[in-house]
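Student: Please find one structure pasted underneath; my questions will follow.
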Amino acid sequence: MGKAAAGRAPNHESWADDALTAALAEAHIPSLVNALVHLTGDAALIRGDIRPTSTMFGDPQGGIGAADQAAIRQRALAALREYRDAGCPPLPPPAPELVKEMVDFIVGAQLDDGYGEFLMSELKVFDEDPYRVSFGHLPSEARAKFHVVVVGAGMSGILTAIRLSQAGIGYTVIEKNADVGGTWFENRYPGCRVDSPNHTYSYSFAPNDWPQHFSPQNVLLDYFDRIATEFGIRANIRLRTEVIEARYAADGAWQVRVRGPHGEETVTANAIVSAVGQLNRPKLPNIEGVGSFAGPAFHTAQWQAEHDLTNKRVAVIGTGASAFQTVPEIAQAAERVTVFQRTPPWVAPRAEYHDAITSGKHWLLNNVPFYGKWFRFWMFWTTGEGLLGMVKRDPAWNEERSVSAANDQLRAMLTANVEQMVGDDAELLAKCVPQYPPAGKRMLVDNGHWFRALKRDNVELVTDPIARINRSGVETRSGRQVDADVLIYGTGFYASRLLFPMQLYGKDGVELRERWGVDPRAYLGVVMPGYPNLFCCYGPNTNIVVNGSIIFFSECEVRYIMGCLKLLIERGLAAMDCRAEVHDTYNEKIDAGNQNMAWGSPNVHSWYKNEHGRVTQNWPFTLLEFWNQTKSPDPEDYTFA
Ligand code: NAP
């Protein structure tokens, strides 16, 4: 992104006047305005009347009207021609105060100071790598002597390995699959794609020229695959190998038992980083007769591509994120698709959900200095804190179907979208409007694909509860039998069985999941008292419902973990163990926070909660708070050995 900032000569016809005009027609105007400030040095552009006013759903141009857009494009054309004719010289870095002003401009608000450093680190206007912890001053022997076992080579495991490798710390990544990629390696159901904008669903230090705004699974897999190669971590990854158990020994080391293609062995590690994710153990529903279906039956995360669904009668159980993506694809080939829905999802409209990034957009992202950075930043902001205010509970609000006036407003907006999509079919409409508050469960993203699929002649949405599964199909409680050739479970994962099936024995010999029971807890989602030098990525209470991308959380977590390792190596210490009182106080705050959110509502049932109704998965606060808390470890939070 913004390669021209380095002074690349414009030797290509894509810089011709016509090409510039065509590319600018596709520009994201708020990002373009800020890029223009870089190009021209003219801060008046962001101090006038033209400014984004709405950064939420709806207008992707932030409410900037057509005439103003045209004026900005004209101005940009002149500036780009001038820049081209000057040979695309490197641009001077902007003054930090000006960047702050540009941030306020693009978010459409004056943000208080707490956000300054945080947002600047996301923006990376000076090409810094704010999530990288510097180990430069520590002797290289001390770093190399330290050995970390990373469990999992998905998004978080690859990230951890990159940071360890940059720090010169020894490490081995243990990966159960035949290759890297984690969730993108495993989930291969038709229609699988990322549902956070790709420009934010990528490592902050490795932007990509994404083909789509929300790219499909194979593109995501290619990205993680390429990153693993480019950052040189592959030699340290042991594939087709699983961690069975790990035991903490008194001297600050972990004995990690692994099982690979050549049998079992024990690896010694100074620290373990679990990067196994929350959603990698598929769950079949607790329905009578599961397993009795005579035909092919499989989970979305264990797709059996050998079963051609063309002209088949397919039954799909579930309408969560996975089923939601795959049903419209299956419906195009199948004879009939019957979708069994227990609870409808809330759906956020997103026109560009399946759109390719057009050539003009690619050009702008790749050639206009700083444009790509501001575009990523816009995506980060509009899908970040922006929506949080609308999903917070107002204790004085007494509705079952919303949690505050703002949430009710969101409900009205989302309901209007459903009405627009299926309003001509009263029966379907009634099935598609959820009765729980928006953001009670994960909100799904759609450009109409899902609703159009539900309206197809060969698709039926059944809300009659399932009584049992039998040899020939699914029987509902009203006694209806739906025969099928293929049965697909889009029924989610054992999310609350965190770290399953690994067994991790801590200081006192107690296994971690036994200690947790149904109630996984950690300090900052990363560390657990009694389990020194064991760190989690995407651990308890680090999942998100409406704000941010999981990659952001992983980058924060890994920065924190690297800070912990630095502390140990710097001080020549063997182990650090989180203080129980710090952990407990933190979890009280988390619980109170989650009770204040839509997903904490008593009338919402989801995989975010355990059987006692406690939200074990989600982060209830702002991204800024997570970023601040995980910036670096406070030694006061730990005891050392
Ligand atoms: P999920 O959201 O947990 O959905 C499971 C579905 O199965 C729900 O509709 C659930 O109904 C239904 N179900 C479960 N047990 C049932 C039963 N006994 N009878 C009837 N219906 C039953 O699982 P998922 O769709 O795999 O998604 C899990 C998470 O993975 C998502 O929230 C998201 O974080 C992630 N994900 C992300 C993407 C992406 O980025 N593209 C794609 C897929 C998944 P209830 O709602 O009533 O429980």
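Student: Could you state the orientation-averaged shadow area of the convex hull built on the Cα atoms of region 277-392, in nm² to one decimal?
Tutor: Result: 11.4 nm².
Student: Ok, one more. How large is the Kirkwood hydrodynamic radius of region 55-190, in angstrom, based on all distinct alpha carbon pairs?
Tutor: Averaging 1/r across every pair of different Cα atoms and inverting gives 20.0 Å.
Student: About its Cα centre, what dipole magnitude does the chain give when the only charges are +1 on Lys and Arg Cβ and -1 on Asp and Glu Cβ, stated in debye to the nearest 20?
Tutor: Dipole of the chain, to the nearest 20 debye: 1040 debye.
Student: Can you check what the Kirkwood hydrodynamic radius comes to for the chain, Cα pairs only, in Å to one decimal?
Tutor: About 26.3 Å, per the Kirkwood formula over Cα pairs.
Student: Please name whichever of L461, L91, A43 sits farthest to the positive end of the charge dipole of the chain, dipole taken about the Cα centre and charges placed at Cβ: Lys and Arg +1, Asp and Glu -1.
Tutor: So the residue we want is L461.
Student: Check cross-link reach from K145 to the lysines: straight Cα distance under 21 Å, and skip same-chain residues fewer than eight apart.
Tutor: In chain and number order, the partners are K566.
Student: Rounded to whole Hz and in sequence order, give me ³J(HN,Hα) for region 592-607 from the Karplus expression 6.51 cos²θ - 1.76 cosθ + 1.60, θ = phi - 60°, writing x for Gly and Pro.
Tutor: Each residue's phi maps through the Karplus curve to give 4, x, 5, 5, 8, 10, 4, 6, x, 4, x, 8, 9, 10, 7, 6 Hz.
Student: Next up: Could you work out Rg/(2.2 N^0.38 Å) for region 288-343, with Rg from alpha carbons only?
Tutor: The reported ratio for this selection is 1.10.
Student: Let me ask something else about it. What value in Å³ per residue do you get for the convex hull of the alpha-carbon atoms in region 85-138?
Tutor: Roughly 129 Å³ of hull volume per residue.
Student: How much of the DSSP beta bridge set in the chain is antiparallel, as a percent to the nearest 5?
Tutor: Bridges in the chain that DSSP calls antiparallel: roughly 45 percent.
Student: What ranking of D195, D209 emerges when the number of other C-beta atoms within 10 Å of each C-beta is taken as an exposure proxy, fewest first?
Tutor: Placing the least packed residue first, the sequence is D209, D195.
Student: While we're on this one: Looking at region 123-224, what % of the alpha carbon pairs are farther apart than 24 Å?
Tutor: Result: 35 percent of Cα pairs exceed 24 Å.
Student: Counting each DSSP H run of 4 or more residues in the chain as -39500 (n - 2.57), what helix-only mean residue ellipticity at 222 nm follows after dividing by all residues, to the nearest 500 deg cm²/dmol?
Tutor: Estimated from H runs of four or more residues: -10000 deg cm²/dmol.
Student: Could you list log10 I(q)/I(0) for region 198-306 at q = 0.17 Å⁻¹, which the Debye formula gives when each Cα is one point scatterer?
Tutor: Debye output, listed in q order: -1.12.
Student: Which FRET efficiency value, to the nearest 0.05, is calculated for E329 and E611 with the Förster distance at 35 angstrom and r the Cβ-Cβ distance?
Tutor: After rounding to 0.05, the efficiency reads 0.55.
Student: Kirkwood-based Rg over Rh for region 483-641 (C-alpha set), two decimals?
Tutor: Ratio of gyration radius to Kirkwood radius for region 483-641: 1.01.
Laboratory data are not the source of any read-out in this text; all were calculated from the coordinates shown. What you are looking at is a predicted structure, and each value in this text was computed from that prediction instead of being measured. Please note: Cβ atoms are built from the backbone with ideal geometry, for glycine as well, and neighbour counts cover all protein chains shown.
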